[in-house]
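The values are calculated or read from the model by the stated rules, or taken from the named source; none is laboratory data. In this text, all values refer to a predicted model and were calculated from it rather than measured experimentally. Areas reflect the complete protein model, heavy atoms only, side chains present, ligands, DNA and RNA absent. Shrake-Rupley method; radii C 1.70, N 1.55, O 1.52, S 1.80 Å.
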Amino acid sequence: MSARVVARRLGRKLLPRFAPAATLHSHATSFGFKEVNEEEKSKLVGNVFTKVATNYDIMNDFMSGGLHRLWKERMVSKLSPFPGMKHLDVAGGTGDVAFRILETINSVNRRAAEDILEDDLQEETQIYVCDINPNMLDVGKKRAQQRGLGDMGSLVWVEGDAENLTFKDGSMDGYTIAFGIRNVTHIEKVLAEAYRVLKKGGRFLCLELSHVDTPVFKQLYDYYSFSVIPVLGELVAGDRDSYQYLVESVRRFPPQEVFASMIADAGFQKVEYENLVGGVVAIHSGLKI
């Protein structure tokens, strides 16, 4: 995979400060490039994912040339899943990340000591897939059945809001969110909730489309984003508008350094990020210590 790593350990004192709240959270009342009130944004985003649910993963393959699979695998490798863990995958309705986590744990199970039953380890493992959109969750449940995972107690499907989780304080060993946090109304609330539900020593990981710095590459990326992706959306999914929103929402999402500072402000330590494909996507991470 073509990747440029710019992982940085960001001590809180070294992080850039952006005093004006409007500058830091200007995306909070936006739907793509449109300014909307918060209630309207929630409804509009919900409508987008209701429309794209059945074609979501297919479109990810088309838009990224299949690279999204490698990006998700990279994030899961940073998580280092282990048998018996309690993990929360937010905005993960189609199950793409959760399945990878469970497959990694099962591969560990197969290497476990012979006197430990694999079924016992699987029963202890709990991967919670939380999504605010029931249509996305329905797609994930169907995919789980197709993979033979539908009856496993290890996968738990939860309809819930990333800004107001129903899980107990300090209940999770890990938290992941892939291509979801830019769609929320209040990023800072999502980060606060992630910190709250994690145990001490728990890891936060966020995979998100991000910002390209290299001028020539940025021009190509912008052309692809605004001229190709909406057309693909129309041809493949019959929905140009939703994918026009997607590319606009990426441009409204905070740059890598700013988002890293938000993660640190939520209380996380050892905050770092890794740029992939020149910053087209970034994997952010932090620990609750």
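Rolling a 1.4 Å probe across all protein chains gives residue 33 an accessible area of roughly 100 Å². Checked against a 19 Å cut-off, the cross-linked pairs 78/288; 78/270; 199/288; 86/200; 142/189; 189/288 give Cα-Cα distances beyond that limit for 142/189. Region 153-190 and region 256-289 have their alpha-carbon centroids 17 Å apart.
The share of accessible area on region 158-259 that comes from carbon and sulfur is 55 percent, using a 1.4 angstrom probe. Solvent exposure of region 154-289, expressed per residue, is 37 Å² of accessible area, with all protein chains present and a 1.4 angstrom probe.
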